[in-house]
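I have placed the structure first, in the form of structure tokens, so that the comments after it can refer back to it.
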Amino acid sequence: MAAEVSLFRATDGYEFYVHRYRPSGPTVARVVVLHGIRSHAGWYEASCQKLADDGYDVHFLDRRGSGWNTARRGDCPSFLRLIDDVAEFILELRRTRAGLPLFLVGISWGGKLAVALAARYPTIFSGIALLCPGLKPAVQPPWTTRLRIALASRLRPTKLFPIPLNEPELFTASPAWQRFIDADRFGLRQATARFLFNSFRFDRFLRREYRKVTCPVLLMLAGRDRILNNAATRKLLAKFTRSSRIAIIDYPQAQHTLEFEPAGHPWLEDLMVAFRRELAGDLTP
């Protein structure tokens, strides 16, 4: 199954790519997926196809300045604009079959966007799944680099800095997938001072948003994650005080990018089981 690729035009005029995987049979729900700071839709083709085979209409958004999007590479006006990009797409998507259940999946850095959207639009989502979400990173630029980023965000906002995740072994232990990441021409390796400073500001913004999330939350953590602080992330879920349900699944031997785990790893089936449970709950009188 090949993805259908289209462009979505945001209200500020920027066009970003959307990769869609249609189910061959009846649609049971929609799934919108948001990728990490380095990755893009092309890293997750296998799982998107599997979700479509299970009846989900999957829409994977390449974040502006990332993936297939070449305009203003590695840049964004603000983190609020990134939230609005996804919100505008979802609201347009819901103009048809608005009652169809909708799940939001946030992967790594995309987990920040997923939380912000669930907080802003509490009645839209049947649930959000956070796959090794970038809410509490373990990898940070040195403080001297952070200072340079902060200064450049004011003086030279489009100045590029390396993303501190350019070692493929941070994502996976698989040599084959490490080679894939290293050769990937769509992966983001640099970002502007404006983007990186907005990422820091986004973290502060989210501190006020966690308690606004009311939909069910599924958190998936990789035990050998070298990018995220799992203990701090688990502790953070205590702030989701209004969420109707919270579930945490740990994979002790897994690395950061669950997509690149060996064949037969249970994470994707666990995700679909969680979706099915929420759908069954939606159908209960």
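Across the stretch 60-73, a minimum of one residue is classified as more than 16 Å from V18 (Cβ to Cβ) and modelled with pLDDT of 95 or more. The set of residues in the stretch 62-82 being outside any loop (DSSP other than H, G, I, E, B) and surrounded by 19 or more Cβ atoms within 10 Å (Cβ to Cβ) consists of F79, L82. Filter the stretch 13-61 for residues that are over 18 Å from the mean Cα position of the chain (by Cα), in a loop (DSSP other than H, G, I, E, B) and of a type outside the set (K, R) and give the result. Of everything in the stretch 13-61, those that are over 18 Å from the mean Cα position of the chain (by Cα), in a loop (DSSP other than H, G, I, E, B) and of a type outside the set (K, R) turn out to be G13, Y14, P23, S24, G25, P26, T27, V28, D54, G55.
How many residues, within the stretch 112-134, are in contact with a Gly (Cβ under 6 Å, 6 or more places away or on another chain) and within 22 Å of L279 (Cβ to Cβ)? Of the residues in that region, 2 qualify.
Within the stretch 176-190, is even one residue in contact (Cβ under 8 Å) with a residue 40 or more places away in the chain, of a type in the set (S, T, N, Q) and either within 17 Å of N229 (Cβ to Cβ) or crowded, with 19+ Cβ neighbours inside 10 Å (or both)? Checked the stretch 176-190: no residue is in contact (Cβ under 8 Å) with a residue 40 or more places away in the chain, of a type in the set (S, T, N, Q) and either within 17 Å of N229 (Cβ to Cβ) or crowded, with 19+ Cβ neighbours inside 10 Å (or both). The set of residues in the stretch 123-163 that are part of a loop (DSSP other than H, G, I, E, B), in contact with a Cys (Cβ under 9 Å, 6 or more places away or on another chain) and within 29 Å of P266 (Cα to Cα) comprises I124, F125, S126.
Being more than 25 Å from W267 (Cβ to Cβ) and either modelled with pLDDT of 95 or more or aliphatic (A, V, I, L, M) (or both) is the filter here, so list the residues in the stretch 97-118 that pass it.
Hit for the stretch 97-118 is A98, nothing else.
Once the stretch 137-152 is narrowed to residues that are at pLDDT 95 or above and in contact with a strand residue (DSSP E or B) (Cβ under 9 Å, 6 or more places away or on another chain), the residue that is surrounded by the fewest Cβ atoms within 10 Å (Cβ to Cβ) is R148.
The criterion of being over 23 Å from L100 (Cβ atoms) and loosely packed, with under 14 Cβ neighbours inside 10 Å holds for G13. T214 meets each of the listed conditions (1) of a type in the set (V, I, T); (2) closer than 14 Å to L82 by Cβ; (3) surrounded by fewer than 21 Cβ atoms within 10 Å (Cβ to Cβ) apart from (2). Considered as a group, the residues in the stretch 210-243 that are small (G, A, S) and over 18 Å from the mean Cα position of the chain (by Cα) include one that is nearest to P137 (Cα to Cα), and that residue is A232.
The values are calculated or read from the model by the stated rules, or taken from the named source; none is laboratory data. Remember, predicted model here, so these are calculated numbers, not experimental data. Reconstructed Cβ throughout: ideal geometry from the backbone, glycine too, with neighbour counts over all protein chains shown.
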